[in-house]
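Q: Sending over a structure as structure tokens; questions will come in a sec.
The values are calculated or read from the model by the stated rules, or taken from the named source; none is laboratory data. These figures come from a predicted structure and were not determined experimentally. Positions of Cβ are backbone-derived with ideal geometry, glycine not excepted, and every protein chain shown enters the neighbour counts. The area values use the complete protein model at the heavy-atom level, side chains included, leaving out ligands, DNA and RNA. Shrake-Rupley method; radii C 1.70, N 1.55, O 1.52, S 1.80 Å.
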Amino acid sequence: MRNRLNRPSRLELGLFLPSKKAVSPLPLNTHAPVFLPPLSLSASPFFATAMAAANGDKGFEVPKLEIKFTKLFINGRFVDAVSGKTFETRDPRTGDVTARIAEGDKADVDLAVKAAREAFDHGPWPRMSGFERGRILHKFADLVDEHVEELAALDTVDAGKLFAVGKMRDIPGGANLLRYYAGAADKIHGETLKMAQPCHGYTLKEPVGVVGHIVPWNYPTTMFFFKVSPALAAGCTMVVKPAEQTPLSALFYAHLAKEAGIPDGVLNVVPGFGPTAGAAISSHMDIDKVSFTGSTEVGRLVMEAAAKSNLKPVSLELGGKSPVIVFDDADLDMAVNLVHMATYTNKGEICVAGSRIYVQEGIYDAFVKKATEMAKKSVVGDPFNPRVHQGPQVDKDQYEKILKYIDIGKREGATLVTGGKPCGDNGYYIEPTIFTNVKEEMSISQEEIFGPVMALMKFRTVEESIQKANSTRYGLAAGIVTKNIDTANTVSRSVRAGAIWINCYFAFDPDAPFGGCKMSGFGKDMGMDALEKYLHTKAVVTPLYNTPWL
């Protein structure tokens, strides 16, 4: 889908906006289309379609999928792990084994870092012009586009992601991130300094060197390109560790990178586990920077290892407990649809999920009723089924963790309005869940669940909404739904978060930097800010003699 200027549409970039009919009079750019799988309003009885889909409903076709790449990718070649070990990756639709993947550990990370160091210190990639790097990145993006269906299927069988969403948003969005940074690659420059003494001074922007990327499992493609795209454009070389739950698409992207012309050693992919491969990257003395997305607890370990080794800089995109604040002047139907999307997109496995929903008292009861009705009509089932809105959780551990939090919510006194139970006979499916009568101190209000669980709370005043929204250790994102521009301005400037979305949600864009504050981490993905974090600023000064001016 392209607009008349042949630029990627906002749909391809993953922008979620309310429909035009529901747009408030605030002067916001809300003309882009919505992408939310259409609700099956006729789904009846509750979850009948879901359970049939989860149990092998034959009313849709699952594409045939060949797992082509299961080995480590080091120095331009697919190789076995030094240890010879492999691990299983499982299909969350059934729990069955999809493939056995080479298990990288410290010895393999050492080999990958050696290849990346050689490619950086002596190879062509950092010495190419930005224009030449950009041409290769454009080719890489074109190859991704040519394999959209296969790549989307890999993320579906690895992570339980909706196949239709992968084809329409995740995979094209990754390609468009490559194109964004391809365009930036030849625009990296320093500046001339106005010195106070007879000297000529200027700055250079140079690639930081070898980068270690540790990628999470919830958005395997998106997060891969969040990290790899700007680092490649900057001229860095790298070692990528995909999550052990979702290594398949990362290995396919390594293959495409080589086919696009990225030199050997520049992009290495080492699947493995956090305590072994991830720890080896974080503590490696020859890695110059680490970029990590994952939990706050593991982020601490990454930062500690980086400090204890070679004091390498780190960027961390960590947990979130994002509030969505709905004021009583909001269009009720639009607000309910937006909050539903904010909570249940990707089965709630998204760091910016709107999991704390604050609704002003004037519309609270009506909001609860409509939100409950919408959650009950949502179809859970096989993510290859185009009628399905929510697939399985990524694995058994995450599935059990979510159910444990639901049980904690009930025991702590919150009211379970709908959902809260497993769904289907096979796989890791959970009903969309809504709690009311949630108190700020409850675990389901304070801790990141990473699942399809909505915590609904009531507020009276603007000041109270700000206080409640900030009553968390996290600061990743927040949503505001109101028709009042003054309210929107006040709240957006008062809530401590890295991204504020007004009358929209998940409004990601390649040009908009994304990252958090407080215990959600630091450092930005996307935008030119992401490019900067892979660059080192060097000041160069030479004396001036007999100059007519400084």
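Q: Taking the stretch 96-120 as the region of interest, how many residues are among the small types (Gly, Ala, Ser) and out of contact with any strand residue (DSSP E or B) (no Cβ under 9 Å at 6 or more places or on another chain)?
A: 1
Q: Quick check, is residue 213 over 28 Å from residue 267 (Cβ atoms) and either modelled with pLDDT of 95 or more or not aliphatic (A, V, I, L, M) (or both)?
A: Spelling it out, it is not the case that residue 213 is over 28 Å from residue 267 (Cβ atoms) and either modelled with pLDDT of 95 or more or not aliphatic (A, V, I, L, M) (or both).
Here is a yes/no grid of residues against (1) in contact (Cβ under 8 Å) with a residue 60 or more places away in the chain; (2) buried (at least 18 other Cβ atoms within 10 Å of the Cβ):
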site: 273; (1), (2): yes, no
site: 277; (1), (2): yes, yes
site: 285; (1), (2): no, no
site: 313; (1), (2): yes, no
site: 317; (1), (2): yes, yes
site: 321; (1), (2): yes, yes
site: 324; (1), (2): yes, yes
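Q: Can you tell me which residue within the stretch 244-258, out of those that are under 20 Å from the mean Cα position of the chain (by Cα), closer than 24 Å to residue 145 by Cβ and of a type outside the set (S, T, N, Q), is surrounded by the fewest Cβ atoms within 10 Å (Cβ to Cβ)?
A: Here the residue is 252.
Q: Scan the stretch 406-428 residue by residue and report those that are open to solvent by 40 Å² or more (accessible area, probe 1.4 Å) and not basic (Lys, Arg).
A: Residues satisfying the conditions are 407, 412, 413, 415, 416, 417, 422, 425, 426.
Q: Among the residues of the stretch 59-78, is there at least one that is among the aromatic types (Phe, Trp, Tyr), more than 25 Å from the chain's Cα centre (by Cα) and over 26 Å from residue 288 (Cβ atoms)?
A: yes
Q: When you check residue 261 against the structure, is it out of contact with any Leu (no Cβ under 7 Å at 6 or more places or on another chain), buried (at least 23 other Cβ atoms within 10 Å of the Cβ) and over 17 Å from residue 105 (Cα atoms), yes or no?
A: No; evaluated as a whole, the condition is false for this residue.
Q: Cβ contacts < 8 Å: first residue in contact (Cβ under 8 Å) with a residue 12 or more places away in the chain, restricted to the stretch 535-550; second residue open to solvent by 80 Å² or more (accessible area, probe 1.4 Å), any location; separation 6+ or different chain. Result?
A: 544/550; 550/194; 550/196; 550/197
Q: For the subset of the stretch 187-215 comprising residues that are part of a loop (DSSP other than H, G, I, E, B) and not hydrophobic (A, V, I, L, M, F, W, C), which member is most open to solvent (accessible area, probe 1.4 Å)?
A: Across the stretch 187-215, the extreme among qualifying residues is 194.
Q: Would you kindly identify the helices (runs of 4 or more DSSP H) lying entirely within the stretch 91-171 that contain at least 2 residues that are without any contact (Cβ under 8 Å) to a residue 24 or more places away in the chain and either among the β-branched types (Val, Ile, Thr) or assigned by the TED database to the domain that holds residue 76 (or both)?
A: Result: 106-122, 130-146.
Q: Could you give every pair whose Cβ atoms fall below 7 Å, whose first residue belongs to the stretch 327-355 and is β-branched (Val, Ile, Thr), and whose second residue is assigned to a helix (DSSP H, G or I), counting only separations of at least 6 or pairs across chains?
A: Listed by first residue and then by second, the contacts come to 336/367; 336/370; 336/371; 336/374; 339/371.
This table checks each residue for (1) assigned to a loop (DSSP other than H, G, I, E, B); (2) of a type in the set (Gly, Ala, Ser); (3) open to solvent by 10 Å² or more (accessible area, probe 1.4 Å); (4) closer than 22 Å to residue 344 by Cα.
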position	(1), (2), (3), (4)
466	no, no, yes, no
480	no, no, no, yes
483	yes, no, yes, no
486	no, no, yes, no
489	no, no, yes, no
493	no, no, yes, no
528	no, no, yes, no
531	no, no, no, no
